[in-house]
Amino acid sequence: LMTGRYNYRTGVVDTFRGRSMMDPREQTAAELFKQAGYHTGMIGKWHLGDNYPMRAHDQGFNESLVHGGGGLSQPSDPPPGNHYFDPTLLRNGKFEKVQGYCTDIFFREAVAFVQNNRDKPFFLYIPTNAPHTPLEVSEAYIKPHKNKGLDETTEKVYAMVKNLDDNIGTLLQTLKQTGLESNTILIFMTDNGPQQPRFVAGMRGLKGTVYQGGIRVPFFLRWPAKVT
(Lines give C-alpha, C1' and ligand atoms only; values in the text may rest on other atoms or scores of the structure.)
Protein backbone atom coordinates (compact mmCIF):
# COMPACT_ATOMS: atom_id res chain seq x y z
CA LEU A 1 0.00 0.00 0.00
CA MET A 2 2.73 2.47 0.92
CA THR A 3 5.07 1.79 -2.00
CA GLY A 4 3.13 0.03 -4.75
CA ARG A 5 5.97 -2.48 -4.91
CA TYR A 6 6.25 -6.19 -4.24
CA ASN A 7 6.75 -6.44 -0.48
CA TYR A 8 9.97 -8.47 -0.64
CA ARG A 9 11.63 -5.61 -2.50
CA THR A 10 10.87 -3.30 0.44
CA GLY A 11 12.39 -5.51 3.13
CA VAL A 12 9.02 -6.47 4.60
CA VAL A 13 8.90 -10.28 4.66
CA ASP A 14 6.55 -11.03 7.57
CA THR A 15 4.50 -9.34 10.29
CA PHE A 16 6.48 -10.13 13.45
CA ARG A 17 9.98 -10.62 14.97
CA GLY A 18 11.32 -7.53 13.25
CA ARG A 19 10.50 -8.73 9.77
CA SER A 20 7.97 -5.98 9.13
CA MET A 21 10.47 -3.11 9.03
CA MET A 22 10.42 -1.32 5.69
CA ASP A 23 13.65 -0.15 4.09
CA PRO A 24 13.69 3.64 4.68
CA ARG A 25 15.00 4.17 1.17
CA GLU A 26 11.60 3.16 -0.19
CA GLN A 27 9.49 6.01 -1.50
CA THR A 28 6.01 6.04 0.04
CA ALA A 29 2.72 7.37 -1.22
CA ALA A 30 2.89 9.92 1.61
CA GLU A 31 6.22 11.23 0.34
CA LEU A 32 4.81 11.61 -3.16
CA PHE A 33 1.72 13.44 -1.93
CA LYS A 34 3.85 15.65 0.30
CA GLN A 35 6.11 16.57 -2.62
CA ALA A 36 2.96 17.50 -4.57
CA GLY A 37 1.89 19.96 -1.87
CA TYR A 38 -0.50 17.79 0.12
CA HIS A 39 -0.62 17.84 3.93
CA THR A 40 -0.23 14.21 4.99
CA GLY A 41 -1.57 12.43 8.05
CA MET A 42 -1.46 8.86 9.36
CA ILE A 43 -3.54 7.56 12.28
CA GLY A 44 -3.58 4.00 13.62
CA LYS A 45 -1.48 0.98 12.67
CA TRP A 46 1.80 1.77 10.92
CA HIS A 47 3.61 -1.58 11.47
CA LEU A 48 6.56 -0.75 9.21
CA GLY A 49 9.11 0.16 11.87
CA ASP A 50 8.98 1.83 15.29
CA ASN A 51 12.40 3.51 15.20
CA TYR A 52 14.16 6.17 13.14
CA PRO A 53 14.30 6.31 10.14
CA MET A 54 11.38 3.94 9.56
CA ARG A 55 8.57 5.65 11.47
CA ALA A 56 5.53 7.16 9.75
CA HIS A 57 6.71 10.73 10.34
CA ASP A 58 10.11 9.76 8.88
CA GLN A 59 8.43 8.37 5.77
CA GLY A 60 6.44 11.34 4.50
CA PHE A 61 3.68 11.98 7.01
CA ASN A 62 3.43 15.51 8.41
CA GLU A 63 1.34 14.22 11.30
CA SER A 64 1.12 10.76 12.84
CA LEU A 65 -0.63 9.14 15.80
CA VAL A 66 0.18 5.44 15.95
CA HIS A 67 0.51 2.46 18.22
CA GLY A 68 3.71 0.44 18.24
CA GLY A 69 4.40 -2.82 16.40
CA GLY A 70 1.48 -4.67 14.89
CA GLY A 71 -1.18 -3.86 17.46
CA LEU A 72 -2.10 -2.75 20.94
CA SER A 73 -1.28 -5.13 23.83
CA GLN A 74 1.79 -6.45 22.02
CA PRO A 75 5.38 -6.59 23.34
CA SER A 76 6.27 -3.34 21.56
CA ASP A 77 3.97 -1.39 23.89
CA PRO A 78 5.44 0.56 26.81
CA PRO A 79 5.18 -1.09 30.27
CA PRO A 80 2.96 -2.03 32.02
CA GLY A 81 1.20 -2.79 28.74
CA ASN A 82 -1.46 -1.21 26.57
CA HIS A 83 -5.15 -1.88 26.08
CA TYR A 84 -7.82 -0.76 23.64
CA PHE A 85 -9.20 1.69 26.19
CA ASP A 86 -7.12 4.77 27.14
CA PRO A 87 -3.98 3.59 25.30
CA THR A 88 -0.56 5.19 25.23
CA LEU A 89 0.15 6.10 21.62
CA LEU A 90 2.96 7.79 19.71
CA ARG A 91 2.27 11.25 18.32
CA ASN A 92 5.04 12.10 15.89
CA GLY A 93 7.34 9.77 17.82
CA LYS A 94 6.49 10.94 21.35
CA PHE A 95 4.47 8.89 23.84
CA GLU A 96 1.06 10.31 24.75
CA LYS A 97 -1.69 8.89 26.96
CA VAL A 98 -4.98 9.26 25.10
CA GLN A 99 -8.46 8.87 26.57
CA GLY A 100 -11.12 6.73 24.90
CA TYR A 101 -11.53 3.56 22.87
CA CYS A 102 -8.83 3.04 20.24
CA THR A 103 -11.05 3.18 17.13
CA ASP A 104 -12.97 6.17 18.53
CA ILE A 105 -9.66 7.92 19.18
CA PHE A 106 -8.39 7.31 15.66
CA PHE A 107 -11.51 8.69 14.02
CA ARG A 108 -11.76 11.59 16.47
CA GLU A 109 -8.27 12.52 15.33
CA ALA A 110 -9.24 11.94 11.70
CA VAL A 111 -12.21 14.30 11.99
CA ALA A 112 -9.96 16.97 13.52
CA PHE A 113 -7.41 16.46 10.73
CA VAL A 114 -10.06 16.97 8.05
CA GLN A 115 -11.44 20.05 9.76
CA ASN A 116 -7.99 21.57 10.26
CA ASN A 117 -6.94 20.96 6.66
CA ARG A 118 -10.20 21.61 4.86
CA ASP A 119 -8.70 24.50 2.86
CA LYS A 120 -5.72 22.60 1.46
CA PRO A 121 -5.12 19.29 -0.35
CA PHE A 122 -4.57 16.45 2.11
CA PHE A 123 -3.83 12.75 2.21
CA LEU A 124 -5.08 10.88 5.27
CA TYR A 125 -4.36 7.21 5.99
CA ILE A 126 -6.39 5.53 8.78
CA PRO A 127 -5.45 1.86 9.24
CA THR A 128 -7.28 0.61 12.34
CA ASN A 129 -6.07 -2.21 14.57
CA ALA A 130 -9.62 -3.40 15.34
CA PRO A 131 -11.27 -5.78 14.72
CA HIS A 132 -8.38 -7.87 16.06
CA THR A 133 -7.44 -9.78 19.18
CA PRO A 134 -7.47 -9.04 22.03
CA LEU A 135 -11.21 -8.60 21.56
CA GLU A 136 -11.67 -5.58 23.79
CA VAL A 137 -14.81 -3.55 23.13
CA SER A 138 -17.48 -1.88 25.24
CA GLU A 139 -20.43 -3.90 26.51
CA ALA A 140 -22.77 -1.38 24.87
CA TYR A 141 -21.59 -2.57 21.45
CA ILE A 142 -21.70 -6.25 22.41
CA LYS A 143 -25.23 -6.17 23.84
CA PRO A 144 -27.14 -5.90 20.50
CA HIS A 145 -25.47 -9.14 19.34
CA LYS A 146 -26.46 -11.17 22.39
CA ASN A 147 -29.02 -13.98 22.19
CA LYS A 148 -28.64 -14.38 18.43
CA GLY A 149 -26.97 -17.75 18.43
CA LEU A 150 -23.44 -16.36 18.16
CA ASP A 151 -20.47 -17.47 20.22
CA GLU A 152 -18.81 -14.89 22.48
CA THR A 153 -15.88 -14.33 20.12
CA THR A 154 -18.14 -13.54 17.16
CA GLU A 155 -20.27 -11.23 19.31
CA LYS A 156 -17.19 -9.19 20.14
CA VAL A 157 -15.89 -9.12 16.57
CA TYR A 158 -19.25 -7.92 15.26
CA ALA A 159 -19.31 -5.31 18.05
CA MET A 160 -15.93 -4.03 16.87
CA VAL A 161 -17.17 -3.91 13.28
CA LYS A 162 -20.25 -1.93 14.31
CA ASN A 163 -18.06 0.54 16.19
CA LEU A 164 -15.88 0.93 13.10
CA ASP A 165 -18.97 1.40 10.94
CA ASP A 166 -20.26 4.16 13.24
CA ASN A 167 -16.92 5.95 13.11
CA ILE A 168 -16.70 5.77 9.32
CA GLY A 169 -20.18 7.28 9.25
CA THR A 170 -18.95 10.16 11.40
CA LEU A 171 -16.03 10.75 9.04
CA LEU A 172 -18.35 10.75 6.01
CA GLN A 173 -20.60 13.25 7.76
CA THR A 174 -17.59 15.47 8.45
CA LEU A 175 -16.63 15.45 4.77
CA LYS A 176 -20.18 16.48 3.92
CA GLN A 177 -20.33 19.24 6.54
CA THR A 178 -17.01 20.70 5.42
CA GLY A 179 -18.03 20.72 1.77
CA LEU A 180 -15.33 18.18 0.88
CA GLU A 181 -17.55 15.18 0.17
CA SER A 182 -17.85 15.56 -3.59
CA ASN A 183 -14.19 15.94 -4.49
CA THR A 184 -12.52 13.73 -1.86
CA ILE A 185 -11.43 10.25 -2.90
CA LEU A 186 -12.39 7.89 -0.09
CA ILE A 187 -11.09 4.31 -0.16
CA PHE A 188 -12.18 1.57 2.24
CA MET A 189 -10.48 -1.81 2.24
CA THR A 190 -9.28 -4.52 4.62
CA ASP A 191 -6.13 -6.60 4.83
CA ASN A 192 -7.18 -10.26 5.09
CA GLY A 193 -9.97 -12.67 5.89
CA PRO A 194 -11.27 -13.32 9.41
CA GLN A 195 -8.99 -14.54 12.17
CA GLN A 196 -11.64 -16.79 13.74
CA PRO A 197 -14.23 -19.05 12.06
CA ARG A 198 -17.34 -17.13 11.02
CA PHE A 199 -19.38 -16.24 7.93
CA VAL A 200 -17.20 -16.07 4.80
CA ALA A 201 -19.87 -16.48 2.10
CA GLY A 202 -18.86 -20.07 1.45
CA MET A 203 -15.24 -19.27 0.70
CA ARG A 204 -12.50 -21.58 1.91
CA GLY A 205 -9.93 -20.62 4.54
CA LEU A 206 -9.28 -17.88 7.09
CA LYS A 207 -6.53 -15.38 7.85
CA GLY A 208 -3.11 -16.92 7.33
CA THR A 209 -4.20 -19.07 4.39
CA VAL A 210 -3.91 -18.37 0.67
CA TYR A 211 -7.44 -19.58 -0.04
CA GLN A 212 -10.17 -17.10 -1.01
CA GLY A 213 -11.47 -16.88 2.57
CA GLY A 214 -8.05 -15.73 3.69
CA ILE A 215 -7.08 -13.25 0.98
CA ARG A 216 -10.25 -11.96 -0.70
CA VAL A 217 -11.15 -8.57 0.77
CA PRO A 218 -13.49 -5.67 -0.03
CA PHE A 219 -12.35 -2.55 -1.84
CA PHE A 220 -14.71 0.43 -2.03
CA LEU A 221 -13.84 3.71 -3.73
CA ARG A 222 -16.06 6.77 -3.37
CA TRP A 223 -15.50 9.95 -5.43
CA PRO A 224 -18.87 11.59 -6.17
CA ALA A 225 -17.38 14.33 -8.38
CA LYS A 226 -15.93 11.79 -10.83
CA VAL A 227 -17.41 8.36 -10.16
CA THR A 228 -21.18 7.96 -10.19
For this session: Apply the Karplus parameterisation 6.51 cos²θ - 1.76 cosθ + 1.60, with θ equal to phi minus 60°, to every residue of segment 220-225 and state each ³J(HN,Hα) to the nearest whole Hz, in sequence, with x for glycine and proline.
Result: 10, 10, 10, 8, x, 5
Exercise. Relative to the present Cα-Cα distance, how much length would full extension add between Lys120 and Lys176 at 0.36 nm per residue of separation?
Worked result: 18.6 nm
Seminar exercise, completed: Percent relative contact order for the chain, counting Cα pairs under 8 Å at least six residues apart, stands at 13 percent
Problem set entry | Filtered chymotrypsin sites (Phe, Trp or Tyr not before Pro), segment 1-59: DSSP coil and at most 12 other beta carbons within 10 Å | Tyr6, Phe16
Exercise. If you take the Cα atoms of segment 152-228, find Rg, then find the Kirkwood Rh from the mean of 1/r over all pairs, what is Rg/Rh?
Worked result: 1.08
Seminar exercise, completed: The answer for chymotrypsin sites (Phe, Trp or Tyr not before Pro) in segment 129-228 that fall in a DSSP coil and have at most 16 neighbouring Cβ atoms within 10 Å is Phe199, Tyr211
Exercise. Taking a ≥ b ≥ c as the square roots of the eigenvalues of the Cα gyration tensor of the chain, is the shape rounded (a/c under 1.5), prolate (a/b larger than b/c) or oblate?
Worked result: rounded
Problem set entry | Relative contact order (%) - criterion: Cα under 8 Å, at least six apart; region: segment 156-228 | 30 percent
Seminar exercise, completed: The rounded separation in angstrom of the Cα centers of segment 41-118 and segment 5-36 is 18 Å
Exercise. Using the Karplus equation 6.51 cos²θ - 1.76 cosθ + 1.60 (θ = phi - 60°), what ³J(HN,Hα) coupling, rounded to whole Hz, does each residue of segment 131-144 give in order, writing x for Gly and Pro?
Worked result: x, 6, 5, x, 7, 9, 7, 5, 4, 4, 7, 6, 3, x
Seminar exercise, completed: Checking Asn167, Asn82, Asn116 against a Gaussian network model of the chain (alpha-carbon springs below 10 Å), the top fluctuating residue turns out to be Asn116
For this session: Provide, as a two-decimal number, the C-alpha radius of gyration of segment 1-129 over 2.2 N^0.38 Å, N being how many residues it has.
Result: 1.03
Exercise. With θ set to phi - 60° and the Karplus curve 6.51 cos²θ - 1.76 cosθ + 1.60, what are the ³J(HN,Hα) couplings of segment 198-215 in order, to the nearest whole Hz, using x for Gly and Pro?
Worked result: 6, 4, 9, 6, x, 7, 8, x, 10, 3, x, 10, 9, 7, 4, x, x, 10
For this session: Rounded to the nearest 500, what is the 222 nm mean residue ellipticity of the chain from helices alone, with -39500 (n - 2.57) per DSSP H run of 4+ residues and division by all residues?
Result: -7500 deg cm²/dmol
Seminar exercise, completed: The pairs in Lys45/Lys207; Lys176/Lys226; Lys156/Lys176; Lys45/Lys97 lying past 26 Å Cα-Cα in this model are Lys156/Lys176
Exercise. Taking amide H positions as placed 1.01 Å from N in the peptide plane, with prolines and chain starts having none, which residues 5 or more places from Thr40, or on another chain, fall under 5 Å of its amide H?
Worked result: Asn62, Glu63, Phe123
Problem set entry | Loop trypsin sites (Lys or Arg not before Pro), segment 121-218 (other Cβ atoms within 10 Å of the site Cβ: 16 or fewer; DSSP) | Lys146, Lys148, Arg198, Arg204, Lys207, Arg216
Exercise. Rounded if a/c is under 1.5, else prolate if a/b beats b/c, else oblate: with a ≥ b ≥ c from the C-alpha gyration tensor eigenvalues square-rooted, which is segment 1-75?
Worked result: oblate
Seminar exercise, completed: Accessible-area order for Ile43, Ile168, largest to smallest, probe 1.4 angstrom, reads Ile168, Ile43
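The values are calculated or read from the model by the stated rules, or taken from the named source; none is laboratory data. Remember, it's a predicted structure, so these values are computed and weren't measured experimentally. Every residue, glycine among them, receives a Cβ derived from its backbone with ideal geometry; neighbour counts consider all protein chains shown. Calculation scope for accessible area: heavy atoms of the full protein, side chains included, ligands and nucleic acids excluded. Shrake-Rupley method; radii C 1.70, N 1.55, O 1.52, S 1.80 Å.
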